[in-house]
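Worksheet: the structure to be examined is printed underneath.
The numbers here are math on the coordinates, done by the rules we state, and not lab data. Just so it is clear, the model here is predicted, and its values are computed rather than measured. No Cβ is skipped: glycine too gets one built from the backbone with ideal geometry, and neighbour counts run over all protein chains shown.
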Amino acid sequence: MDDENLLRDNIENVPEAGPVQPIWSYSQSRERRSERQFSGHVRFLHGTQAERLRGELADVVGELLTWAAKQRSDDHSAEDGAAAT
């Protein structure tokens, strides 16, 4: 089972905390360490608070994508340097 299906199964198969706050849960199995479990409640936001949070989330995602691209570039540079020697 791939991670996407595992995540979908973990999220879809949990009870709801009420009509407003469904519970989400995710379990991550790891080979060399104990399993990690994450859970929480969904909070629905509207109006200016939702717009502010969307903007903050977009900024963080952009920073993560920039970081990931740099990591990938650094990895390829190291591989190219090792191949050249």
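Express the Stokes-Einstein translational diffusion coefficient of segment 22-70 in µm² s⁻¹, to the nearest whole number, given a Kirkwood radius over alpha-carbon pairs, 25 °C and a viscosity of 0.890 mPa s.
On the way: Rh = 13.7 Å.
Value of D from the Cα-based Kirkwood radius: 178 µm²/s.
Highest mean packing comes first when the peptides 30-36, 51-57 are listed by Cβ atoms within 10 Å, giving 51-57, 30-36.
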